[in-house]
Amino acid sequence: VARKHPNVFIGADNWQPSVWPQELVEFNAGPGRSQVLWGTNKPAVDPAASLAGVLALGFDDETLDSLLYANSERVFSSARAPDR
């Protein structure tokens, strides 16, 4: 669904990156770079272990920035209620 619709996002927060399907890793490194959100779903996934797992996937700097920060910042800042 995310491949078809640019306003659909994938939350990769409930599984350690070491068990992410290869299709998710490839989508995140390529056409879906702006549509995947990283998180830890703490306490289900340890944040330090999850971050280490993401770094071990070998993403380039642009993909890491998008996954770890920019995508979430863009999505959640646009969801804020307008100032009154």
Matching residues, the range 54-63, being assigned to a loop (DSSP other than H, G, I, E, B) and not charged (D, E, K, R): 57, 58, 59
Unique residue being exposed (fewer than 14 other Cβ atoms within 10 Å of the Cβ) and of a type in the set (S, T, N, Q) when the list is 41, 28: 41
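To keep it simple, each residue is scored yes or no on (1) over 11 Å from the mean Cα position of the chain (by Cα); (2) at positive phi; (3) in contact (Cβ under 8 Å) with a residue 40 or more places away in the chain; (4) loosely packed, with under 10 Cβ neighbours inside 10 Å.
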{"residue": "32", "(1), (2), (3), (4)": "no, no, no, no"}
{"residue": "36", "(1), (2), (3), (4)": "no, no, no, no"}
{"residue": "52", "(1), (2), (3), (4)": "yes, no, no, no"}
{"residue": "57", "(1), (2), (3), (4)": "yes, no, yes, no"}
Selection count, the range 1-22, where residues are farther than 17 Å from residue 53 by Cβ and free of Cβ contacts under 8 Å to residues at least 40 places away in the same chain: 8
Long-range neighbours under 7 Å by Cβ, at least six apart or interchain, first residue open to solvent by less than 60 Å² (accessible area, probe 1.4 Å) within the range 66-78, second of a type in the set (Ser, Thr, Tyr): 66/34; 71/34
Every residue from the range 12-53 that is closer than 15 Å to residue 1 by Cα, among the charged types (D, E, K, R) and part of a loop (DSSP other than H, G, I, E, B): 33
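The values are calculated or read from the model by the stated rules, or taken from the named source; none is laboratory data. Keep in mind the model is a prediction, meaning the values are calculated, not measured. All Cβ positions, even for glycine, are placed from backbone atoms using ideal geometry, and neighbour counts span all protein chains on display. Note: areas computed on protein heavy atoms with side chains; ligands, DNA, RNA excluded. Shrake-Rupley method; radii C 1.70, N 1.55, O 1.52, S 1.80 Å.
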